[in-house]
Amino acid sequence: MVKICGIGAGYVGGPTMAVIALKCPSIEVAVVDISHSRISAWNSDKLPIYEPGLEEVVKQCRGKNLLFSTDVEKHISEADIIFVSVNTPTKSGGLGAGKAADLTYWESAARMVADVSKSNKIVVEKSTVPVRTAEAIEKILTHNSSKGVKFQILSNPEFLSEGTAIQDLIKPDRVLIGGRDGPEGQEAILKLKGIYDHWVPEDRIITTNLWSAELSKLADNAFLAQRISSINAMSALCEVTGAEVSQVSHALSKNTKIGPKFLNASVGFGGSCFQKDILNLVYICESNGLIEVANYWKQVIKVNDYQKSRFVNRVVSSMFNTVSGKKIAVLGFAFKKDTSDTRKTPAIDVCKGLLGDNACLSIYDPKVSEEQILKDLSLSSAATTTVKQVNIVRDAYEATKDAHGICILTEWDEFKTLDYQKVFDNMQKPAFVFDGRNILNVDKLREIGFIVYSIGRPLHQWQDNMPQPQQA
Ligand code: UDX
Ligand code: UDX
Ligand code: ADP
């Protein structure tokens, strides 16, 4: 029986290993992590991450061929194939601070593999890493391992999206496996391919050299983020010209050279990957003297930051240039719908911007905990009880009651079907809606009486005798 060990039980490692266990009943999959609380959550009824369909998969396999453990050494030493899905955040200090990937966790995982391995292993890079990380990992493995143990390193980047992780894993667009050119490298590629062959059609499994696989993952995220910044840049132009960004997206989507996906204008992209991977790409370019290329990719992040601050400016300027002391309902805090993840969510910057203008925020998200929101806003829970500048509430009606304005920051389905007449009746007047995800029917809201700002739509021309919202 082939044994697999997954190091890192996070957003990538947890779901990926669970689906491998599901699809390969003959393979024993152990997921290990240094975090005791994470592992005990994986072993409980309340999993540490929310992902549609994940619970069912885990329940089906846990205790059979899927186990979660903190005994990292034991499971590494028993495994034939080791998937490494540890976190690779942006470095916060030292050389490359703010741009380069921090490989501390990766290095410590690799050292552990080297220390405890007594038989040959295939080590698979799952987490996104800078190009040529495999080379560094190989050095650590070969220089630290006991005599005679051989390692083959493969790059098998994960392309799942949060919120649709299980679906993406079960029916991937493609599986990418990069390995060394020699016979041993090719043999390792075939072994890993043999696992995916259980459920992925052969023509979807692409094999490349190590460096192409590593760079393809960074390129993938950079291209996706670039599309969002491109449509968001267009949204700013739409607002001042009278074009509608959804109409522009629709027209673009019909061009087969462009395609239909990732064309939704928004308050900005978030998530743990896009910004981190672009910064990483920028750092690699700069380190290799490719300054023009670095500047090209940097602009994707600049436009994203601009989109978030443009949104805050629009809220403040529309509400007569002041939100001081005004209650603003924030609907949605996760970086996208169907996830509880808030890493790099645009909601953090928008909320901080509004708090900077002394707004009082009433925040509701169906899946994000109060504790997480307060942590992200660098507030202690005392802030909610004493200062009352931020309140985390349990539903959208409570959040919007007596509010002056509503900011939609995550596209949760339930926000589309709220009773907006009821919401309007309970709000201060004039009642504003700022739709940062373009999910609401603007005409209907305007009929009810709301003043509506929707990303990339011509501004609401309301009563002539009232001050017009200024251009942000
Ligand atoms: C373009 C648009 O494709 C078309 O929709 C529009 O109506 C007119 O402009 P055209 O300029 O005729 O059409 O050629 P196109 O095939 O788009 O190529 C434009 C340039 O890009 C060429 O120099 C081509 O060699 C180059 N190109 C195209 C690349 O370098 N790489 C590619 O992947 C595609
Ligand atoms: C992304 C990549 O899609 C995935 O391939 C990679 O493996 C990990 O990073 P993820 O971050 O989970 O996945 O979510 P994604 O759906 O890509 O959305 C990222 C951000 O872009 C979200 O904040 C989302 O709201 C935003 N977005 C996405 C838009 O603003 N407009 C769009 O059209 C699409
Ligand atoms: P991602 O979104 O990339 O999956 P996460 O932060 O959700 O990132 O998960 C990474 C996990 O890796 C964390 O649970 C962390 O505790 C774990 N981890 C980091 N370093 C090690 C290590 N050396 N051994 C085992 N687990 C590790």
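The values are calculated or read from the model by the stated rules, or taken from the named source; none is laboratory data. Values in this document were obtained by computation on a predicted structure and should not be read as measured data. Virtual Cβ from ideal backbone geometry, glycine too; neighbours counted across all protein chains shown. Just so you know, the surface numbers come from the protein's heavy atoms only, side chains and all, with ligands and any DNA or RNA stripped out. Shrake-Rupley method; radii C 1.70, N 1.55, O 1.52, S 1.80 Å.
Reported to the nearest whole Å, the Cα centre-to-centre distance from segment 241-314 to segment 59-110 is 29.
Taking all C-alpha pairs of segment 91-214, those more than 21 Å from each other amount to 46 percent.
Taking a straight Cα-Cα cut-off under 12 Å and skipping sequence neighbours fewer than 8 places away in the same chain, the aspartates and glutamates within cross-link reach of residue 308 are 349. Using a probe of 1.4 Å on the protein chains alone, the accessible area found for residue 199 is around 40 Å². Of the Cα atoms belonging to segment 302-431, the radius of gyration and Dmax stand at 13.6, 39 Å. Shape descriptor for the chain: Rg over Rh equals 1.01 (Cα atoms; Rh from the Kirkwood inverse mean 1/r). Of the peptides 398-406, 223-231, the order by per-residue mean of other Cβ atoms within 10 Å, starting with the highest, comes out as 398-406, 223-231.
Convex hull of alpha carbon positions in segment 7-144: directionally averaged projected area 9.0 nm². The spacing between segment 322-401 and segment 134-201, judged by their C-alpha centroids, is 40 Å.
The alpha carbons of segment 205-253 give a radius of gyration and a Dmax of 16.1, 48 Å, in that order. Of the residues 319, 234, the one with the largest accessible area comes first in the ranking 234, 319, computed with a 1.4 Å probe on protein heavy atoms.
In the chain, the calculated helix contribution to ellipticity at 222 nm averages -13000 deg cm²/dmol per residue, counting -39,500 (n - 2.57) for every DSSP H run with n ≥ 4.
Per residue, segment 104-199 exposes 46 Å² of accessible surface when a 1.4 Å probe is rolled over the protein heavy atoms with every protein chain present.
Around the Cα centre of the chain, unit charges on the Cβ atoms of Lys, Arg, Asp and Glu (plus for the first two, minus for the last two) sum to a dipole of about 320 debye. Length available on full extension from residue 295 to residue 223: 0.36 nm per residue minus the Cα-Cα distance, which gives 24.5 nm. Each of 278, 66, 170 was scored by the projection of its Cα onto the charge dipole of the chain, and the greatest displacement toward the positive side belongs to 278; charges sit on the C-beta of Lys, Arg, Asp and Glu.
The dipole here belongs to segment 301-345: it is taken about the Cα centre, uses +1 on the Cβ of Lys and Arg and -1 on the Cβ of Asp and Glu, and is about 80 debye.
Remark: segment 257-342 carries a charge dipole of roughly 440 debye about the Cα centre, counting +1 on each Lys and Arg Cβ and -1 on each Asp and Glu Cβ. Using the Cβ-Cβ distance between residue 262 and residue 204 with R0 set to 35 Å, the FRET efficiency works out to roughly 0.95.
Label-to-label distance for residue 417 and residue 211 is 5.3 nm, based on points extended 7 Å past Cα in the beta-carbon direction. The DSSP beta bridges internal to the chain are antiparallel in roughly 5% of cases. Of the residues 211, 248, 96, the one whose Cα sits farthest towards the positive end of the charge dipole of the chain is 96 (charges of +1 on Lys and Arg Cβ, -1 on Asp and Glu Cβ, taken about the Cα centre). Shape of segment 159-301 from its Cα gyration tensor (a ≥ b ≥ c, root eigenvalues): rounded if a/c is under 1.5, otherwise prolate when a/b > b/c, or oblate? Taking the square roots of the gyration eigenvalues as a ≥ b ≥ c, segment 159-301 is oblate.
Rolling a 1.4 Å probe over the protein heavy atoms gives segment 324-456 an accessible area of 41 Å² per residue. Computed with a 1.4 Å probe over protein heavy atoms only, the accessible area of residue 193 comes to about 30 Å². Here the extension length gained between residue 187 and residue 147 equals 12.3 nm, from 0.36 nm per residue of separation less the Cα-Cα distance. I need the calculated FRET efficiency for the pair residue 197 and residue 167, taking r as the beta carbon distance and R₀ as 22 Å, to the nearest 0.05. My answer for the efficiency is 0.65. Residue ranking by accessible heavy-atom surface, 1.4 Å probe, largest first, among 202, 370, 447 comes out as 447, 202, 370.
Largest accessible area first, the listed residues 310, 457 line up as 457, 310 when surface is computed with a 1.4 Å probe on the assembled protein chains. Carbon-plus-sulfur fraction of the accessible area of segment 229-284, 1.4 Å probe, in percent? Taking all protein chains in place, segment 229-284 shows 62 percent carbon and sulfur surface. With a Förster radius of 25 Å applied to the C-beta separation of residue 398 and residue 320, the computed FRET efficiency comes to 0.50.
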